[in-house]
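Any read-out appearing in this document is the output of simple, stated calculations on the displayed coordinates, not a laboratory observation. Keep in mind it's a predicted model, so treat the numbers as computed, not measured. Reconstructed Cβ throughout: ideal geometry from the backbone, glycine too, with neighbour counts over all protein chains shown.
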Amino acid sequence: MNTETVPILWRLARMDFDPVRQRHVLLYPEGTVLLNDTGAAILQLCDGRRSVAEISGVLQERYGSDVTADVITYLSGLAERELIRDA
Amino acid sequence: MTPSAATRPTTLVAELTHRCPLHCAYCSNPIEMNRADEELSTADWKRVLTQARELGVLQLGLSGGEPLVRKDLEELAAHAHGLGLYTTLVTSGLGLTAARAGKLREAGLEHVQISLQDSDVASAELIAGVASVKQKEAAIASVRALGFAFTINVVLHRANLDRVGEIIELAGSLGADRLELANTQYYGWALANRGALMPTRDQIEAGDRIAQDAMARYRGRMQVLYVLPDYYEEYPKPCYGGWGKHYLLVMPDGRTLPCHGATHITTLAFDTVRDRSLQWIWHESAAFQAFRGDDWMQEPCRSCPRKAIDFGGCRCQAFALTGEATRTDPVCALSPDHGIIDEARHDAVGPITYRYRDLVLHPPRP
């Protein structure tokens, strides 16, 4: 995972909003990840077209600070579990 | 932690029926199976699914028995989809015709898990107790053509463990997204058949190596999951992440369990969704509160640092093997009852004769 990587969710995973817990969740075969707002914001930008640099750029505009390192750390964790793939 | 401070469950397994065309000797259904006339109605199941979602459930397993024997399966899958549940159909593949697979896809079903018994056809059908391979192949073709998320599940034991390499290659060639290799867990029918199912240490060690290698080799193409062989581990498994914490199972007759093996704990009574809401059962029922937290633990668990990791292991196994559900799971090397496990591993000898699961063993009501 680096700034050039174009991350995409695993074909079998989808993001949803859980109205019971009032938070975003990632659902896939026999697995659930409860997402925090930051995680959800990152994953919503993983469309298989934007690179990590572009995703970080959008978030920097939104939050006003450079989040590239955080984005890489977060997506690497999900890639380790094969939930994020290289498009 | 106080017993009432329960987290929200994420997973519900709906055991729609105990009826099944297969007779696998390792079946996780209880020996005392429910009859068709005891099964919940379509309306009951819809109510249960709605309540499950309100309680926080996100993952639904439509299971059995063979869930396809229920004619309302498509209706239930559509209801689950409408609620936003991620639904898995856990099936033998028998009865999954192209037409039914298509209707289930339209209903919003996302994931299909099909069981295989072995890579060798004759052995597979001996294990299942019925000719089944051709129907499974047809079901797999439909599942793939319709673009379902697709998992193959294989229970491993003495008769097929030597072919785990071939089984992995077969799953790969069938286009599975995931392969779950599950060493037999000894409850219900599997406990009754333990002598015929127990693998040898050599088989386990060779199987572990092959599975580990496949996990790395197939990474990115097919996810290979490997459920460890309980009786050969040093510490017990953290059953479902703790009793009454994340998981619940509704039996065909509506009784609701914290673990699929829980009916074996004959000292517990299980409430049914015919009488109570799922919310009440989760939060208030005695069975779900019985082993929450750690107040119930005996030594050596009570003072063990691992109690936060594996919660003392499986309560159902502790009861089945020691007669006391609050004892340490005998699988644990620290358990004073661990000799039971050492003894059982010696069962891995001699000819394999199964006591097949069959509803005939449970006579119909007069």
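At a glance:
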{"read-out": "Quotient of Cα Rg and 2.2 N^0.38 Å for the stretch B:122-164, N being how many residues it contains", "value": "1.34"}
{"read-out": "Exposure proxy order (Cβ contacts within 10 Å, fewest to most) of A:Val67, A:Val20, A:Val6", "value": "A:Val20, A:Val6, A:Val67"}
{"read-out": "Three-way shape call for the protein assembly as shown based on the alpha-carbon gyration tensor, with the a/c threshold at 1.5", "value": "rounded"}
{"read-out": "Label-point separation, A:Glu54 to B:Lys134 (7 Å along Cα→Cβ), nm", "value": "5.2"}
{"read-out": "Relative contact order (%) - chain A, alpha-carbon pairs under 8 angstrom, separation at least six", "value": "39"}
{"read-out": "Shape call, the stretch B:221-366: gyration tensor on alpha carbons, a/c limit 1.5", "value": "oblate"}
{"read-out": "Exercise: per-residue mean of other protein chain Cβ atoms within 10 Å, B:178-187", "value": "1"}
{"read-out": "For chain A: rounded, prolate or oblate by the Cα gyration tensor [a/c cutoff 1.5]", "value": "oblate"}
{"read-out": "Length-normalised contact order for chain B - Cα pairs under 8 Å, 6+ apart - percent", "value": "21"}
{"read-out": "Cross-link partners of B:Lys103 among lysines (Cα-Cα below 20 Å; sequence separation of 8 or more within a chain)", "value": "B:Lys46, B:Lys71, B:Lys136"}
{"read-out": "Folded to 0 to 90 degrees: helix A:68-80 orientation relative to chain A principal axis, Cα", "value": "40"}
{"read-out": "Zone residues, the stretch B:155-187, relative to B:Asp213, backbone N less than 13 Å from point 7 Å out along Cα-to-Cβ", "value": "B:163-169"}
{"read-out": "Label-point separation in nm, A:Met15 to B:His338, each point 7 Å along Cα→Cβ", "value": "4.7"}
{"read-out": "Candidates B:Ala171, B:Ala308, B:Ala211: whichever shows maximal mean-square fluctuation once chain B is modelled as a Gaussian network with Cα springs under 10 Å", "value": "B:Ala308"}
{"read-out": "Cross-link reach list, lysines versus B:Lys237, counting only Cα pairs under 30 Å and skipping chain neighbours closer than eight places", "value": "B:Lys245, B:Lys307"}
{"read-out": "Theoretical FRET efficiency, 1/(1+(r/R0)^6), r = Cβ-Cβ of A:Glu80 and B:Asp37, R0 35 Å, to 0.05", "value": "0.10"}
{"read-out": "Fewest-first ranking of B:Ile210, B:Ile309, using other Cβ atoms within 10 Å as the exposure measure", "value": "B:Ile309, B:Ile210"}
{"read-out": "Trypsin sites (Lys or Arg not before Pro) within the stretch A:1-34: DSSP coil, no more than 11 neighbouring Cβ in 10 Å", "value": "A:Arg11"}
{"read-out": "Shielding by partners - mean other protein chain Cβ count within 10 Å, residues of A:30-43", "value": "2"}
{"read-out": "Shielding score for B:41-51, defined as the mean number of other chain Cβ atoms within 10 Å", "value": "0"}
{"read-out": "Computed [θ] at 222 nm, helices only, for chain B once each DSSP H run of length n ≥ 4 contributes -39500 (n - 2.57)", "value": "-9500 deg cm²/dmol"}
{"read-out": "Burial ordering of B:Thr7, B:Thr88, fewest other beta-carbon atoms within 10 Å first", "value": "B:Thr7, B:Thr88"}
{"read-out": "Cβ crowding within 10 Å averaged over residues, with B:342-353, A:71-82 ranked highest first", "value": "A:71-82, B:342-353"}
